[in-house]
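The values are calculated or read from the model by the stated rules, or taken from the named source; none is laboratory data. From a predicted model like this one, the values you see are computed outputs, not experimental measurements. Here the Cβ positions follow ideal geometry from the backbone for every residue, glycine too, while neighbour counts run over all protein chains shown.
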Amino acid sequence: MEKQVSSKSRLKFANKTVVITGSGTGIGQAIARKFAENGANIVIMGRRKEPLDQTAGILEEIIASLGSSGRLGVFPGVDVAEEAGINSMFEGIRKQFGGVDIIVNNAGVSGPVKAFTNASVKEFREAVAIHLTGTYWTSVSALSAMKRGSKIITIATFFTEENRYEQRPYRFRTPYTAAQGAKNRLAEALAWELVERDIRSIATNPGPVHSDRIYKTVYPKAAAEFLRIGGYPGLSSLEIEKVTAGALPLLGEPADVVAKGVSQVATEISVSRGQTSTEENVNKLSEIVAGALAKMQEIAEKIQSNTSKMIVDGEFLKQEEVADMVMNLCDDNISRLINGRIIPNDRVFYPVKPIVGTAVDGLAQPDVKGKVIVITTSSPAKKDAGRVKELARLAHEAGAKDVIVLAHNHQDMTQYREYHNHTIDMLDEESVHRILNAAKKRSSRIDSIIHFTGDYDYNIPLSSLSRKQWDALVDNFIYIPGLITKEGVNAMGPEGSIQDPAKFRDSKGAIVIVGPDAPVGKKISGLLRARADVFRGALRPYTATVNQELSDVLGSSIRLYLVLAGNSEGLEPENGKLCNAALNLASGAAALKRNEAIFYIDEARK
């Protein structure tokens with residue numbers, strides 16, 4: 001007699017426990033539904049209780065309709081960026097479910113959709129904390145509860161797809177691209193580190209997905225930023241920001257709601273101009289504000305249309321399609337075959353200019369005569385101190401007007417006594433702003449900034465780091481370079497360019513970030529290479545995005561360069577070549593001749 005198979009046992013993920021971050025809405029909710037339909041125990045979590053309650057109701061209906069044994073865990077008020085909340089959640093999961101089989105790192109925010117020169121540092125930090133640190137700490141905290149054969153699935157973005165010579169920029173999204181680039185490389189590194197535990201780590205980069213975030217936040221705010229920079233008749237850049245804050249969120253609302261919001265913004269602008277808020281004045285301004293709002297909507301629709309034209313069938317992905325893809329990646333056989341890989345799922349034909357080079361054009365003795373060069377370093381290592389001093393010496397010998405050395409660590413200053421030097425807190429926006437503007441006042445301008453990040457110990461497993469140690473890495477390799485770049489460009493721009501971005505046009509200068517070296521040794525394992533590339537992977541898309549904003553949006557001749565020393569053969573970096581390359585880039589000689597902005601200087605043939 002043929003044995004009957006129950007519907008419960010046919011459910012592919014029956015008895016598996018799946019944790020999905022950011023699961024109250026959107027893609028996260030779609031993934032939760034998909035796993036519930038396949039019999040899994042579902043753990044949903046997020047910062048807001050209301051959407052989680054709604055999602056819980058949907059999942060309970062699915063579980064009941066299937067008659068599955070799946071159970072539901074709900075953890076509201078948990079922010080993936082906060083250590084204590086994540087740790088407490090996994091303690092609760094262990095008690096309720098006994099362990100975890102699948103982690104889906106999905107939580108995210110749009111972050112500041114703004115040119116980096118005028119973006120909020122607070123929003124920058126929040127975007128990186130949620131996308132990158134949230135992914136890291138969720139994955140690491142979960143390890144104590146994960147069984148052999150478990151999977152970590154990380155969702156990133158097609159904007160951080162990269163190959164040997166190209167890197168996709170994503171204008172107005174600098175923290176987002178930095179975090180997502182590092183997140184992809186982190187997924188690779190975790191795969192190497194966790195192989196002995198039989199835990200697999202895979203990332204996927206979906207293309208544009210139908211969602212409220214992209215239609216109601218990202219595209220409209222990007223459109224508003226184009227307008228703020230390009231200008232709109234009758235409104236200043238600051239006034240366009242008021243339209244963005246007060247009226248843009250109302251797009252899609254009933255006409256009377258939009259009209260009321262437009263009138264309120266017009267009144268605010270009238271008051272800020274010192275005008276009498278008469279009905280006539282407000283009505284005139286309301287017409288202008290309404291026109292600006294309509295223009296924002298037109299630009300947003302154009303951005304969406306242009307993106308659709310880069311997709312073979314013109315269609316964005318559905319959230320359910322992303323959920324299908326995530327569930328398929330969790331299949332035992334598929335996950336074994338693609339462990340440690342970044343899976344593209346975007347279908348977007350996104351042409352970009354080659355941006356990666358292996359040699360810097362320039363002179364044997366760079367021409368920096370009369371230039372003002374600021375050298376900054378957040379590394380306490382002797383190797384980097386030696387590089388800073390060598391660079392300062394070469395700049396003086398080449399005729400630089402002034403060389404200023406700024407260090408993050410007070411104890412390092414004794415090494416730079418022969419140069420004009422200061423210690424500053426490079427994590428403090430006001431301190432960086434103040435010192436760079438003081439340097440500009442002292443010498444009338446800043447021509448270039450060269451920043452050294454230093455390295456980290458690639459022999460230490462990333463999955464073994466304390467939260468404090470991880471946060472220090474993020475500070476050093478993402479926040480500090482980001483702040484130095486932002487304040488450096490603003491210091492190089494003319495007075496008032498932050499408020500009036502049109503003034504950036506034709507401003508000149510160069511910022512060079514010397515990022516972490518490649519690993520050195522005769523036989524470099526894939527594990528060490530993967531660890532070393534996590535923060536190099538943050539700086540590459542960040543560099544590409546900043547340069548696109550500088551050239552294509554602001555019309556500036558300031559350039560950001562990234563120099564990555566060391567090579568694929570594990571040879572020691574040549575410090576003379578590094579300093580020469582950095583000074584040639586700082587001189588501006590190669591600024592507009594070629595498109596390359598990321599240089600692997602030790603990979604060039606001799």
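Annotation: Gln548 fulfils all but one of (1) in contact with a Pro (Cβ under 9 Å, 6 or more places away or on another chain); (2) under 22 Å from Tyr136 (Cα atoms); the unmet one is (2).
Scanning segment 63-84 for residues that are assigned to a helix (DSSP H, G or I) and either acidic (Asp, Glu) or in contact with a strand residue (DSSP E or B) (Cβ under 9 Å, 6 or more places away or on another chain) (or both) yields Ile63, Glu83. Taking residues in segment 113-137 that are under 21 Å from Val489 (Cβ atoms), and partners anywhere that are among the acidic types (Asp, Glu) and surrounded by fewer than 24 Cβ atoms within 10 Å (Cβ to Cβ), the pairs with Cβ atoms closer than 9 Å and at least 6 places apart or on different chains are Lys114/Glu123; Asn118/Glu241; Ser120/Glu126; Val121/Glu429.
Helices (runs of 4 or more DSSP H) fully within segment 274-366 that include at least 1 residues being within 23 Å of Thr154 (Cβ to Cβ) and in contact with a His (Cβ under 9 Å, 6 or more places away or on another chain): 319-329. I'd like to know if segment 364-371 contains one or more residues that are within 17 Å of Asn575 (Cα to Cα) and surrounded by fewer than 16 Cβ atoms within 10 Å (Cβ to Cβ). Scanning segment 364-371, I find at least one residue that is within 17 Å of Asn575 (Cα to Cα) and surrounded by fewer than 16 Cβ atoms within 10 Å (Cβ to Cβ), so the answer is yes.
Out of all the residues in segment 299-320, which are of a type outside the set (A, V, I, L, M) and within 24 Å of Arg228 (Cα to Cα)? Residues satisfying the conditions are Glu301, Lys302, Gln304, Ser305, Asn306, Thr307. In segment 547-601, the qualifying residues are those that are within 16 Å of Ile513 (Cα to Cα) and of a type in the set (D, E, K, R), and the one that is farthest from the chain's Cα centre (by Cα) is Lys577. Residues in segment 459-480: is at least one over 30 Å from Gly570 (Cα atoms) and either in contact with a helix residue (DSSP H, G or I) (Cβ under 9 Å, 6 or more places away or on another chain) or not polar (S, T, N, Q) (or both)? Checked segment 459-480: no residue is over 30 Å from Gly570 (Cα atoms) and either in contact with a helix residue (DSSP H, G or I) (Cβ under 9 Å, 6 or more places away or on another chain) or not polar (S, T, N, Q) (or both).
Would you confirm whether or not segment 211-226 contains a residue that is assigned to a loop (DSSP other than H, G, I, E, B) and under 23 Å from the mean Cα position of the chain (by Cα)? Scanning segment 211-226 turns up at least one residue that is assigned to a loop (DSSP other than H, G, I, E, B) and under 23 Å from the mean Cα position of the chain (by Cα). Scanning segment 42-76 for residues that are within 14 Å of Ile130 (Cα to Cα) and at pLDDT below 95, we see that the one that is surrounded by the fewest Cβ atoms within 10 Å (Cβ to Cβ) is Arg47. In the set Ala203, Ala178, only one residue is at pLDDT 95 or above, small (Gly, Ala, Ser) and either part of a helix (DSSP H, G or I) or more than 23 Å from Gly24 (Cβ to Cβ) (or both); that residue is Ala178.
Of the candidates Lys369, Lys382, Lys389, the single residue that is more than 28 Å from Ala438 (Cβ to Cβ) and either among the hydroxyl-bearing types (Ser, Thr, Tyr) or free of Cβ contacts under 8 Å to residues at least 40 places away in the same chain (or both) is Lys382. On the stretch given as segment 549-599, residues that are crowded, with 20+ Cβ neighbours inside 10 Å and assigned to a helix (DSSP H, G or I) total 12.
The listed residues are Val352, Val368, Val374, and the only one of them that is modelled with pLDDT of 95 or more, farther than 24 Å from Asn567 by Cα and touching a strand residue (DSSP E or B) at 6+ places or on another chain (Cβ under 9 Å) turns out to be Val374. Applying the set (1) assigned to a loop (DSSP other than H, G, I, E, B); (2) under 26 Å from Tyr176 (Cα atoms) to Lys242 leaves exactly one unmet item: (1).
Just to be sure before I move on: is Leu528 of a type in the set (A, V, I, L, M) and surrounded by 21 or more Cβ atoms within 10 Å (Cβ to Cβ) in the structure I sent? Here the answer is no, as Leu528 does not meet what is asked.
Taking segment 17-40 as the range and being assigned to a helix (DSSP H, G or I) and either of a type outside the set (Asp, Glu) or buried (at least 24 other Cβ atoms within 10 Å of the Cβ) (or both) as the test, the residues that pass are Gly26, Ile27, Gly28, Gln29, Ala30, Ile31, Ala32, Arg33, Lys34, Phe35, Ala36.
Just to be sure I understand the filter: pairs with C-beta atoms under 9 Å, separated by 6 or more residues or on different chains, first member in segment 244-263 and at positive phi and touching a residue at least 12 places away in the same chain (Cβ under 8 Å), second member assigned to a helix (DSSP H, G or I) and surrounded by 14 or more Cβ atoms within 10 Å (Cβ to Cβ). Which pairs pass? From residues that are at positive phi and touching a residue at least 12 places away in the same chain (Cβ under 8 Å), the pairs are Gly252/Tyr215; Gly252/Lys216; Gly252/Val258. Selection of segment 173-205 for residues being in contact with a Leu (Cβ under 6 Å, 6 or more places away or on another chain) and either free of Cβ contacts under 8 Å to residues at least 24 places away in the same chain or not β-branched (Val, Ile, Thr) (or both) yields Ala179, Ala182, Lys183, Ala189, Trp192, Ser201.
Scoring Val5 on the criteria (1) at pLDDT below 95; (2) of a type in the set (Val, Ile, Thr); (3) under 16 Å from Val100 (Cα atoms) leaves a single failure, condition (3). Among the residues of this structure, Met296 does not count as one that is of a type in the set (A, V, I, L, M, F, W, C), modelled with pLDDT of 95 or more, surrounded by 15 or more Cβ atoms within 10 Å (Cβ to Cβ) and under 28 Å from Arg200 (Cβ atoms). Can you confirm whether segment 465-472 contains a residue that is hydrophobic (A, V, I, L, M, F, W, C), free of Cβ contacts under 8 Å to residues at least 24 places away in the same chain and under 19 Å from Phe124 (Cα atoms)? Yes, because at least one residue in segment 465-472 is hydrophobic (A, V, I, L, M, F, W, C), free of Cβ contacts under 8 Å to residues at least 24 places away in the same chain and under 19 Å from Phe124 (Cα atoms). Would you pick out the residues in segment 100-120 that are over 13 Å from the mean Cα position of the chain (by Cα) and among the β-branched types (Val, Ile, Thr)? Answer for segment 100-120, where residues must be over 13 Å from the mean Cα position of the chain (by Cα) and among the β-branched types (Val, Ile, Thr): Val100, Ile102, Ile103, Val104, Thr117.
Remark: pairs (first residue in segment 521-545, farther than 15 Å from Val563 by Cα; second residue of a type in the set (S, T, N, Q); Cβ separation under 8 Å; 6+ apart in sequence or on different chains) = Leu528/Asn459; Thr545/Thr174; Thr545/Thr177.
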